[in-house]
Amino acid sequence: MQFDLQDEQKMLIETVRRFVREELKPLENALEQEGQLDEARARAVHEKAKALGLYALNMPEALGGGGLSNLDRILCEEQFGHTSDYLIRRAFGNVYEPLLHCQGAQVERWLKPTVAGERTCAIAITEPGAGSDAAGIRTHARTTDTGWVLNGSKHFISDGLWSDFFLVSAKTGEKEISMFMVDKGLPGFTVGKDQQMMGLRGTPHVELFFDNVPLEPLALLGQAGQGFKLAMGALNVVRLAQVGARAVGKASHVCELLVDYARERQQFGTRIGDFQMVQQQIADSVIEINAARWMVYHAAWMLDQGFDAREQIAMVKVHAAEMLGRVVDRAVQVFGGMGFCKELPIERYYRDARIYRIFDGTSEIHRGVIAKSVLKKGAALFDVHR
């Protein structure tokens, strides 16, 4: 086992860290206050990231992507966690792995332009009656002489206003789910309201409505009935990268602010970092961040080795999400009244952190998955070499 970072990985981390610090951090306050970023500035960071080769890092080099391993991508995603969700999306893109199942004319129409940053997609699985239960969707598509007709609705679709097409899961049989690439602007396709959130300011979360939307045969991604597998594969990667790694990065950023404040803030004639109770807050945060980080790295390594890491990713989802919540809560407590004040970003981090325990499968759902796997597989999931 080797735990040191290679020189190339260190350079990659520094490149992303510098971009976040110099290009994205200065935009955070305006985004938080206005709830949006004007298109010119969004396009500017988009183009700068592409010029540095930081766009679509998870896609193969042959398609124009970064071609990174899972572990190297995770190193980048951890740095992404130091800034706001919306800015991550604009600068580095969300190019979902199911698009790699594009074939023939689909490659030029959807896959390559998305990897190049010329098109943007969002994944549309969640429905009012189907959140963590991705198999419980009601949106459906039936075959016609000219392709398919799509009916139903989705909600909480992140980045739906910016995206120009969607990866939509739909029932194509009693127990069959398929995935379709649905272009914005098709007849019967309506983008509904932006559902305002407690956190993640700037990132829209919209409703989608499909009323007899005509889809050509080319819109089917992969094979009919493969949609649930594609969705779960995409969500597994999202849970590891966009939840696990970003939670570690965000917690690291918050912990650094906490430590700096504990060094500087004085009460009763001494800095608060010398108070034992504050030291406990710091120590617990550092311990938990490091534990979560190594869980994330191990799961990424497993994927790179071709192992099934579903249980490990479920553990990451629970632990990293809840760790972030605890670290940010401690930061609010150490900052005191200023931590509750909008003058500092701590209260924003507190609001943003809360969703991590909910999206991409709640902590409760993942605990159930883990427990069932342990009952089936036994000590192999928690002991060494079993």
Inset, instruction - Provide the per-residue ³J(HN,Hα) series for the range 309-319, in order, calculated from phi with Karplus coefficients 6.51, -1.76, 1.60 and θ = phi - 60°, each as a whole number of Hz, with x at glycine and proline positions. - result: 10, 4, 5, 5, 5, 4, 5, 4, 4, 5, 5
Legend entry - Normalised contact order of the range 1-78, rounded percent, pairs of Cα under 8 Å and 6 or more residues apart: 24
Legend entry - Per-pair calculated FRET efficiency, R0 = 22 Å: Gln2 and Asp308 via Cβ, rounded to 0.05: 0.45
Inset, instruction - Report, to the nearest whole %, how much of the accessible area of the chain belongs to carbon and sulfur atoms, 1.4 Å probe, protein only. - result: 53
Legend entry - Cut-off 20 Å (backbone N to label point 7 Å along Cα→Cβ of Lys48), residues of the range 77-100: 77-94
Legend entry - Nonlocal amide H pairs with Ala124, under 5 Å, H built at 1.01 Å: Leu167, Val168, Ser169
Legend entry - Where only C-alpha atoms are counted, convex hull volume of the range 218-341 per residue in Å³: 126
Legend entry - Rounded FRET efficiency, nearest 0.05, which uses the C-beta distance separating Glu14 from Ala40 and R0 of 35 Å: 0.80
Inset, instruction - Send over a whole-number figure in Å² for the accessible area per residue of the range 221-271, probe 1.4 Å. - result: 42
Legend entry - Using θ = phi - 60° and Karplus 6.51 cos²θ - 1.76 cosθ + 1.60, couplings along the range 263-273 (whole Hz; Gly, Pro as x): 6, 9, 5, 10, 9, 6, x, 9, 6, 5, x
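Restricting to DSSP loop positions (anything but H, G, I, E, B) with no more than 15 other Cβ atoms inside 10 Å of their own Cβ, which chymotrypsin sites (Phe, Trp or Tyr not before Pro) remain in the range 338-368?
Here no chymotrypsin sites (Phe, Trp or Tyr not before Pro) fit, given the DSSP loop and packing criteria.
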Legend entry - Stretchable slack from Ala379 to Met277, in nm (0.36 nm times residue separation minus alpha-carbon distance): 33.0 nm
Inset, instruction - Compute the separation of the alpha-carbon centres of the range 153-219 and the range 1-80 and state it in Å as a whole number. - result: 26
Inset, instruction - Pop out the Kirkwood hydrodynamic radius of the chain from its pairwise C-alpha distances, inverse of mean 1/r, in Å to one decimal. - result: 22.0
Inset, instruction - Using a cut-off of 15 Å between beta-carbons, work out the net charge of the residues near Gly136 (Lys and Arg +1, Asp and Glu -1, Gly136 not included). - result: 0
Legend entry - Backbone HN-Hα couplings from phi across the range 209-217 [Karplus 6.51/-1.76/1.60, Hz, Gly and Pro as x]: 10, 10, 10, 6, 6, x, 10, 6, x
Legend entry - Mean Cα-pair separation over length for the chain, i.e. relative contact order, pairs under 8 Å, 6 or more apart, %: 14
Inset, instruction - Using amide H atoms built 1.01 Å from N in the peptide plane, name the residues 5+ places from Asn58, or on other chains, whose amide H lies under 5 Å from its own. - result: Gly66
Legend entry - Accessible area of the range 275-386 divided out per residue, in Å², using a probe of 1.4 angstrom: 56
Inset, instruction - Normalise the Cα radius of gyration of the range 150-226 by 2.2 N^0.38 Å (N = residues in it) and let me know the number. - result: 1.15
Inset, instruction - Whole number in Å², please: accessible area per residue of the range 14-84, 1.4 Å probe, ligands, DNA and RNA not counted. - result: 46
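Scan the range 174-280 for chymotrypsin sites (Phe, Trp or Tyr not before Pro) in coil per DSSP, keeping those whose Cβ has at most 10 other Cβ atoms within 10 Å, and list them by number.
Counting only loop positions with at most 10 other Cβ atoms within 10 Å, the chymotrypsin sites (Phe, Trp or Tyr not before Pro) in the range 174-280 are Phe268.
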Legend entry - Contour excess over end-to-end distance, with Cα ends at Glu264 and Arg367 and 0.36 nm allotted per residue: 33.1 nm
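The values are calculated or read from the model by the stated rules, or taken from the named source; none is laboratory data. Note that the structure is predicted; figures quoted are calculated from it, not measured. Neighbour counts are summed over all protein chains in view; Cβ atoms, including those assigned to glycine, are modelled from backbone coordinates with ideal geometry. When the accessible area is computed, the model is the full protein with side chains, heavy atoms only, and any ligands, DNA or RNA have been set aside. Shrake-Rupley method; radii C 1.70, N 1.55, O 1.52, S 1.80 Å.
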